[in-house]
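Every number in this text was worked out from the coordinates using simple rules, so none of it is lab data. All of these numbers come straight from a predicted model, not from anything done at the bench. Note that we place each Cβ from the backbone using ideal geometry, even for glycine, and neighbour counts take in every protein chain shown.
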Amino acid sequence: MNPFLVAPTPREQTPAAIAAIAEARRIVLACHVNPDGDALGSLLGLGLGLIAIGKEVVLLSSDGVPANLAFLPGSETVQTDSDRRDFDLAIVVDSGDLTRIGNARPVVESAPVIMDVDHHVTGEPFGQIQLLDGNAAATAEIVFDLLVSLGTEITVPIAENLLCGILTDTGSFRFRNTTPQTFQIASALTAIGASPNPIAEAVFENRSFASQKILGRALERMQISEDGRVVWSSVTQADFAETGAADNDTDGVSTQLQSVRGTQVALFLRETKSGLFRVSLRSKEPFDVSAVAAQFGGGGHKLASGCSLPGPLADAEAKLLTAVNEQHKL
Ligand SMILES: [Mn+2]
């Protein structure tokens, strides 16, 4: 059943989850919009496990499967929507609340029983059954535990999906959420036959040419404060036009800015078509960038926030830097 001797983390509602799955014949699973490797890896890992124990399963991802995750085993079976309303059970993975699942919401809400499986604990919990664990680095860890508790064999395709979830959400075991249990589960998944390298290449080394070009613009224009604690940069509509990059090609730029040695705060401004500047703010403990973002009507988390400011660029940068300096003094 569990040849790798990874004890699943006990969770209060695991027995209820097992009972609900045992009783259900038709199960719909859904993940959040703009799905990442944990959303799809958890969706597919659990879905394949449920199929193996004889369930009729429909997998929903409102935004489909992005090209970089199409390698995940089973991804070709994922649907963007369903007209069916005959499910016995709906399981939602990795989604802080029901507003995050897009098209899948009416399908999920038509099921008599909803199960919420997630490691985000700041959202609005939902459903009659909740497998929530803020200490799990990825929803894929909770899915692993559930499959082990169900007695489902973790096959290589399931293991590959779950390992993708863990590698994505831990940034390859670099983020603070990484625990001994994370390594234990990842160890079991690799022992089963999942290989980290193709997943890492697909998730972390799969940027488009235009993404790299726009990153280059941002790095070249990067500036640093006198004390070396604040780094900032920007890209304009001209940069987007010249590189052929779209707005989502700037994902990861702020992480690159923040990786300059000694930096506490990184600011990345990108010009929208309307001349507004969208700003990504990143920080390291103990600096709270959400307080800076809030001053400009934005929000987010302590270490990663966003806001928008009107141009011109020089004014927007000056206002942000003043706000950051004020926050430093607190
Ligand atoms: Mn996740």
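The figures follow:
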| quantity | calculated |
| --- | --- |
| For the stretch 207-222 and the stretch 288-330, distance of Cα centres in Å | 23 |
| Fully extended contour minus Cα-Cα distance, from Thr80 to Val260, at 0.36 nm per residue | 60.8 nm |
| Cleavage-rule hits, GluC sites (Glu not before Pro), the stretch 164-266, DSSP coil, Cβ neighbours within 10 Å at most 11 | Glu205, Glu226 |
| Rh by Kirkwood over Cα pairs, then Stokes-Einstein D for the stretch 136-217 at 1.002 mPa s and 20 °C, µm²/s | 159 |
| Peptides ranked, highest mean first, by Cβ atoms within 10 Å: ranges 8-17, 148-157 | 148-157, 8-17 |
| Cross-link reach list, lysines versus Lys273, counting only Cα pairs under 26 Å and skipping chain neighbours closer than eight places | Lys213, Lys319 |
| Column: log10 I(q)/I(0), Debye, Cα scatterers of the chain, q = 0.09, 0.13 Å⁻¹ | -0.53, -0.99 |
| Calculated P(r) of the stretch 14-204 - Cα pairs past 25 Å, % | 25 |
| Restricting the stretch 97-187 to trypsin sites (Lys or Arg not before Pro) in coil, as DSSP defines it, with at most 12 other Cβ within 10 Å | Arg174, Arg176 |
| Cα centroid of the stretch 98-154 to Cα centroid of the stretch 242-276, whole Å | 32 |
| Formal net charge of residues neighbouring Ser149 (Cβ-Cβ distance under 14 Å; K, R +1; D, E -1) | -4 |
| Surrounding net charge for Arg105, when Lys and Arg each add one and Asp and Glu each subtract one, Cβ distance under 11 Å | -2 |
| Computed helical MRE - 222 nm, the chain, DSSP H runs ≥ 4 contributing -39500 (n - 2.57), nearest 500 | -11500 deg cm²/dmol |
| Val235 long-range amide H proximity, modeled H, under 5 Å | Leu269, Arg270, Glu271 |
| Cross-link reach list, lysines versus Lys284, counting only Cα pairs under 17 Å and skipping chain neighbours closer than eight places | Lys302, Lys329 |
| Antiparallel bridge percentage (DSSP; both residues within the chain; nearest 5) | 45 |
| Counted charge near Asn177, where neighbours are those whose Cβ lies closer than 13 Å (Asp, Glu -1; Lys, Arg +1) | -2 |
| For q = 0.19 Å⁻¹, Debye-computed log10 I/I(0) when each Cα of the stretch 210-329 counts as one equal scatterer | -0.97 |
